[in-house]
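The values are calculated or read from the model by the stated rules, or taken from the named source; none is laboratory data. As the structure is a prediction and not an experimental result, all values here were calculated from the model. Cβ placement follows ideal geometry from the backbone for every residue including glycine, while neighbour counts extend to all protein chains displayed. Quick note on the areas: whole protein, heavy atoms, side chains included, nothing else; ligands and nucleic acids left out. Shrake-Rupley method; radii C 1.70, N 1.55, O 1.52, S 1.80 Å.
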Amino acid sequence: MGNTTSFMRTDWKEILGSFTLLLAAGCGGLGEREADLFEKGRAAMEARDWEGAAGLLSAVIEAEPGFAPAYLLRGRANFETGKYTNSLDDLGTAVASGDITEDERFTAILYRGRSLLEQGRAILPDTELRSLTGKPEERRNARDFFLKANLLFLDASALRPESYDANLWRGYALFRLENYRKALEVLPLCEKTSPDRWEYRFFIALV
């Protein structure tokens with residue numbers, strides 16, 4: 001199926017815009033140097049320079065280890081570069097801090113779930129779903145990642161019940177858990193919010 005990362009169209013402009021306002025308000029107590037680094041990291045995110053953004057945001061975190069927005073953005077950057085364990089850690093730190101908005105919390109939970117999905121797919125790729133050659137231990141490990149991802153997508157859905165992305169990726173997680181009936185209940189919910197998008201139809205076809 002290829003990398004499902006390319007399917008994701010979560011719009012980060014709103015989140016990045018909120019950080020622009022944060023900068024204008026003094027960046028929550030950041031010093032001038034750290035505020036400048038954060039702004040450059042935010043701009044790199046907007047330009048999809050994920051490696052550059054991660055480096056700049058790491059410098060902010062090194063100087064201000066309690067600044068949650070830097071963890072949130074670096075977590076997204078780490079996800080985009082395939083550093084899923086680091087992404088989970090960063091996004092978990094952002095959520096645990098309690099210093100992010102509800103929209104940012106939703107985004108962090110969603111990408112934590114996606115990081116777990118990708119870790120499970122690394123163990124058991126989509127192309128090997130019907131293979132009988134995989135080791136039982138590997139299948140169990142992959143399933144554990146998909147189970148944890150599904151729980152996070154449930155949390156994301158609780159925050160935004162009508163979210164296309166939360167329903168899309170929960171449906172995919174259920175598919176990987178071989179809960180096909182439930183997947184076919186969840187995936188059609190995507191049509192209510194974004195009928196013009198195609199990803200959910202692709203997943204329904206897979207199921």
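Structure notes:
- Some residue of region 141-156 being over 27 Å from Val95 (Cβ atoms) and over 19 Å from the mean Cα position of the chain (by Cα): no
- Wholly within region 110-207, helices (runs of 4 or more DSSP H) carrying at least 3 residues that are open to solvent by less than 60 Å² (accessible area, probe 1.4 Å), within 23 Å of Ser87 (Cβ to Cβ) and of a type outside the set (Gly, Ala, Ser): 136-159, 164-176
- Conditions (1) of a type outside the set (Ser, Thr, Tyr); (2) assigned to a helix (DSSP H, G or I); (3) within 19 Å of the chain's Cα centre (by Cα); (4) at pLDDT 95 or above: number failed by Val60: (3)
- Just one of (1) under 30 Å from Pro69 (Cα atoms); (2) touching a Cys at 6+ places or on another chain (Cβ under 9 Å); (3) not β-branched (Val, Ile, Thr) fails for Leu159. It is (2).
- Scanning region 57-87 for residues that are surrounded by fewer than 24 Cβ atoms within 10 Å (Cβ to Cβ) and more than 30 Å from Ile123 (Cα to Cα) turns up Ala59, Ile61, Glu62, Ala63, Glu64, Pro65, Gly66, Phe67, Ala68.
- Leading residue by the ranking (modelled with the highest pLDDT) among those in region 118-140 that are over 17 Å from the mean Cα position of the chain (by Cα) and among the hydrophobic types (A, V, I, L, M, F, W, C): Ile123
- Test result for Leu110, in contact (Cβ under 8 Å) with a residue 60 or more places away in the chain, of a type outside the set (S, T, N, Q) and within 30 Å of Pro195 (Cα to Cα): yes
- Qualifying positions in region 44-54 - surrounded by fewer than 21 Cβ atoms within 10 Å (Cβ to Cβ) and either in contact (Cβ under 8 Å) with a residue 12 or more places away in the chain or touching a Leu at 6+ places or on another chain (Cβ under 9 Å) (or both): Ala44, Glu46, Arg48, Trp50, Glu51
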